[in-house]
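Scroll down for the structure; my scribbles are underneath it.
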Amino acid sequence: MRMVRFIREGGKAMYLPDFNYYCPHSVQEACAILADLGAGAKVLAGGTDLLIKMKHELVVPKALVSLKNIRSLADIGYVEGKGLILGARCTHNDLVNSTLLHQRYLSVAEAAHQMANNQIRNIGTVGGNLVNAVPSADLPPILIALGAQVTLVGPGGERTLPLEQFFTGPGQTVIAHDEILTEVVIPDQSTTGSTYIKFGLRRSGALAVVGVAAAVTVVERVIREARIVLGAVAPTPIRAREAEERLVGNAVSTELLEEAGIRAATACKPISDIRASAEYRRDLVRVLTKRSLRRAIEQGHV
Amino acid sequence: MRDNYAVIGKSVPKIDGRVKVTGQAKYTGDLKFPNMLVGKILTSPHPHARILHIDTTEAERLPGVKAVITHKDVPPLKYGISPARWDENIFCIDKVRFVGDKVAAVAAVDDETVYKALKLIKVDYEVLPAVFDPIEAMAEGAPQIHDEYPRNINTEIHQHFGDVEKAFAQAYHVRTDRFVGQRTYQSPIEPHSAISMWEGGKLTVYTSTQSPHYFQYYIARQFGLPMGDVRVVKTFVGGGFGGKLEPTGLEFAGAVLSRLTGRPVKMFYDRHEMFAHNRGRHRQIMEITSGVDRDGKILGVHANFIMDGGAYTSLGIATAYYAGAMLTLTYDFANYKFDMIRVYTNLPACGAQRGHGAPQPRYAFECHLDMVAQDLGIDPLEMRLRNARKPNTITPNQFKINSCELEECIQQARRLSGWDAKKGKLPRGRGIGIAVGSFVSGAGYPIYRTNLPHAAAIIKVHEDGSAATLYTGATDIGQGSDTVLCQMAAEAMGFVYERMKIVAADTETTPHDFGAYASRQTLMSGAAVKQAGEEVKKQLLAMAGEMMQVAPEELDCREGVIFVKGRPEVNITFGEAAREFFVRKGPLIGRGAYTPPTLGGTFRGAAVGTSPAYSFAAQISEVEVDEETGEIQVKEVWDVHDCGTVINPALLHGQVHGALYMGMGESVWEEVLFDASGRILNPNLAEYRLPTALDMPKITSALVDSFEPAGPWGVKEVGEGATIPTMGCYANAIYDAMGIRVYSLPLTYEKVWRALREKRNADFSQNRQMAEAVPATPDEAARGDGR
């Protein structure tokens, strides 16, 4: 996991480098501009990651293509047979305040609520959180646990894939430079509970040292299905499959959840950085895995 | 002793509250002047390097650039804030000593051009070996940071009062513990900024400062100007906490850029540059030994400290002395030894941060005292009561304590927190801890040697009697001194707060005052204001006497009404008398000045820590520790303060909350981190974790009855005192909750987790050897733990 560290040489600028600015009115138009400009162009949504990286000259795009005039990307809706749809330009606070999410997947709204601080949540977007592919991002674990799909639109058309297959490394995804992530779909499902537990080093404005999401289907105290997703302990969010396998088909017990925690801890690949050591992260995975499972089992989608 | 006051003692609204909440208040960064340029400083990318060559030609050629300056364009005179160690230059001449050291500066028409120009300055460096740890820096063969200081020793202190060795020999129990503090940064929300205008032989600087006077003194000295030709004006300030007490490159470079261009120049630090400029808390390595008798009475203490000073002295000499000097305030013991070495390293310079040198040693001592109490089987609160300082005593390092209600602070904190019902009785994972603290109410001596009074004030009553303006050099940096001093002025004159105006902290229009540091203004500036107000009142009563045909001594004035004592129905208004005074005699002015009495002993360093008065505080906190993750939740804190008479209770409790907030941050979250090349890893508010509102516990701030004879109306300090006990208090509460001791700050979740794991492992192996276990005596148990 490569952490983005804003180390500056002494005296280096903290000033936005020059760039051209575009604000198209449709996704098609945006893709066409991106295709035209090539790899030097970047998509701008909330800008809470991109503009800071630009100020520190970690990225120096020749052009920014803003999505702010593409209103259709900012909706949250439900389509029968498809599922719950989160537009990529929805802000984190749109998720926090969404009645639809409160009714169906409060866990997603709660995960969004744990992110950053209110100012960032007011402007940072769902799509940005995914496309930036920061290993400690808070939305991917819960969305992957709920089996979310993402839609990518490019000049040649659109494609849909599981979010789980979207990330390839820190800051790396399968998205092409002329593609735009337009929506996230949480499909209808039989899960009985889901949750995300973030461990940060203060209550607000802290990145996840470890984030664990769990989604479970429990019938008469027996776990029929389980998905556990770990954040900030590998180059991408990862499934803890050994832990999931241990759970399926078994009755809920303290020992079972502890065992799942140990398996998840064994499977993760944390690094040491300025926030935490690898061994601390690994033990937190154990603890948070059993706690998130317990909560998803006992309390539903919270 | 207490009077029935009309204006002081009341939570009047802050005098600048409305302009601040409506955004009308202008900070230096908000100000614009015609033709103003923007300036910025180029700093070093290396922690230690020789400057071979600086080429500014390309930067100078950039359109919009008006001036580029290096060491060749500025006075070569070394400066600093501690006269004993002036070791900084406006720009580095031969070499740079930390990442962020100042090399050159640019003035241009706008921000964008300035940033572009900085990149065009070419500096050739020969990179030198660097050292980042004070112990390594003292070793033979370590890189030499300043030629004048062998082994990089910046300051060395050896003080001995009484006979510590003898006290230890006579003690029932002697224990040594070792602790490590961390580097923290004040992190004021408002960045440093300055606008300099050098016009017609006079230099005017608008700046975000804690002390216009020291800025004026050092700027004048640097440029060889009479102080009268330098005007320093404080604007609204968004926090200082010790970091804005000394002039920065912004004032010096800005002045030169303004002189060269003939235009006003605005300079500022961004957040990263603030961290690099630093002047925050030193990292200290602290070894404490104490000897106690069978009942826990402290007989002697030896404090043996080393501190990482960073690349320059800043206020660090005072910090080094304070670290040891203030350990003697809270507990009564006769024998004390203090050894300290402050060491240069290739890191940003450290200085004074809220509580100055005191909070980390206090953390160490309060933890140590808890362990001594544990060795002896004494309740930690009882241990503190047995040793608590009494009023009208003298410390071994010769500080005279007048008022001191520490015992009552401890007792009240005990009652408020429910200590007796909680200590040792809380459920697993919950704990309660206590620590105490004390702080000066202003330093007994100024930073440089001078016989100027410490504070002065003028009150001018408006010609029509409708208002009065207080002119004071005292410096409001958000703490509310403007408000408190106006309350004091109104009280002394017999006037009303609502009709008070204030002009403050402008070296040309207001009389001299040393500014906001060492928690001095309520007592010292307040004393000058009281005198000025009383002088107005005296003149006014004389005038009213003439007008009313009554002897002035028969009259009194209160809340804007002058009346015959015992016959309040016979009265005229303050305004009527004031107007008449102006008609008959000219301006109605009152003047005041304050100089503290001669304080302290005659030994080397005796001045540091002297003060006319000392505040005292006891803090108890209750924490919850997550046994599996090490996460610490502070549930509740009780702070009981002895700060003398209270002028404005709301502001006072605000200071306690703010000081506690900073203490909390340093206890658990804050630490400036560096990579192996001396670059700051977390120079931003995302990774330098100040606590947020969500992290704050429930706070009870309470006061004990107290009156300080050395202060006007009996006042003492409050601004820094509440920062001091917090770190030790939390550490002790964590110990009570989980039986683990973290020997370094901050007490991070991971350190707690690690200590818990070590304890579990130790308990496990101990359980296996239970059968052979033999109980140790307290002495043996203690000496075995020689951390």
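Of note:
- Cβ-defined net charge surrounding residue B:305, 10 Å radius [Lys, Arg +1; Asp, Glu -1]: -1
- Per principal axis, descending, Cα span of chain A in whole Å: 58, 51, 31
- Helical segments meeting 30 Å axial Cα length and Kyte-Doolittle -0.5 threshold in chain B (DSSP H): B:524-548
- Calculated FRET efficiency, residue B:694 to residue B:149, Cβ-Cβ distance, R0 = 45 Å: about 0.50 to the nearest 0.05.
- For residue B:546 and residue B:567, the FRET efficiency from 1/(1 + (r/R0)^6), where r spans their Cβ atoms and R0 equals 22 Å, is about 0.75.
- Each of A:272, A:219, A:292 was placed along the dipole of region A:193-299 (beta-carbon charges, centred on the mean Cα), and the one lying farthest toward the positive end is A:272.
- In a DSSP loop and with at most 16 other Cβ atoms within 10 Å, the trypsin sites (Lys or Arg not before Pro) in region B:1-104 are B:2, B:10, B:26, B:32, B:78.
- Using a simple spin-label model with pseudo-atoms 7 Å out from Cα toward Cβ, residue B:172 and residue B:294 lie 0.6 nm apart.
- Label point distance in nm, residue B:416-residue B:84, each placed 7 Å from Cα along Cα→Cβ: 3.7
- The residues neighbouring residue B:280, those whose beta-carbon lies less than 14 Å from its own, together hold a net charge of +1 under the Lys/Arg +1, Asp/Glu -1 convention.
- Modelled spin labels at residue B:334 and residue B:763, positioned 7 Å past Cα toward Cβ, are 4.4 nm from each other.
- Residues of type aspartates and glutamates that residue B:400 reaches as a straight line, Cα spacing below 14 Å, ignoring anything fewer than 8 places off in the same chain: B:332, B:708
- 14 Å reach of a label modelled at residue A:251, 7 Å along Cα-to-Cβ, counting backbone N of region A:202-245: A:219-223
- Pairwise FRET efficiency - residue B:451 versus residue B:136, Cβ, R0 = 41 Å, nearest 0.05: 0.45
- Rounded to the nearest 20 debye, the dipole magnitude of region B:454-594 is 180 debye, with +1 charges on Lys and Arg beta carbons, -1 on Asp and Glu beta carbons, and the Cα centre as origin.
- Selection from B:616, B:475, B:677, by position along the positive dipole direction of chain B (Cβ): B:475
- Alpha-carbon geometry of region B:654-707: the Rg and the Dmax are 15.5, 53 Å, given in that order.
- Under 25 Å from residue A:198, Cα to Cα: lysines that are on another chain or at least 8 residues apart: A:53, A:269, A:290, B:635, B:698, B:751
- Rounded to whole Å, the principal axis extents of the Cα atoms in the protein assembly as shown read 97, 83, 72, largest first.
- Global form of chain B, assessed from the alpha-carbon gyration tensor, a/c cut-off 1.5: oblate
- Using Cβ point charges alone (K and R +1, D and E -1), the dipole size of region A:73-186 about the Cα centre works out to roughly 120 debye.
- Put the Cα centre of region B:113-189 next to the Cα centre of region A:41-67 and the gap is 41 Å.
- Gaussian network model of chain A, Cα within-10 Å springs - most flexible of A:225, A:29, A:110: A:29
- Annotation: amide H of residue A:76 within the under-5 Å range of A:87, sequence separation 5 or more or interchain, hydrogens built in the peptide plane.
- Of all DSSP beta bridges confined to chain A, the antiparallel ones make up roughly 85%.
- The residues neighbouring residue A:98, those whose beta-carbon lies less than 13 Å from its own, together hold a net charge of -1 under the Lys/Arg +1, Asp/Glu -1 convention.
- Distance from the alpha carbon centroid of region A:150-213 to that of region B:645-675 works out to 39 angstrom.
- Convex hull of region A:193-299 built on C-alpha atoms - directionally averaged projected area, nm²: 6.2
- In region B:385-502, the DSSP beta bridges split such that about 70 percent are antiparallel, to the nearest 5.
- Dipole size of region A:20-66 about its Cα centre, with +1 on Lys/Arg Cβ and -1 on Asp/Glu Cβ: approximately 140 debye, rounded to the nearest 20.
- For chain B, the relative contact order is 15 percent, taking Cα pairs closer than 8 Å that sit 6 or more residues apart in sequence and dividing their mean separation by the residue count.
Readers should treat all values here as calculations from the given coordinates under stated rules, not as data from a laboratory. Treat the numbers as computed from the prediction; the structure is a model and nothing was measured. For neighbour counting, all protein chains shown are included, and Cβ atoms are generated from backbone atoms with ideal geometry for every residue, glycine included.
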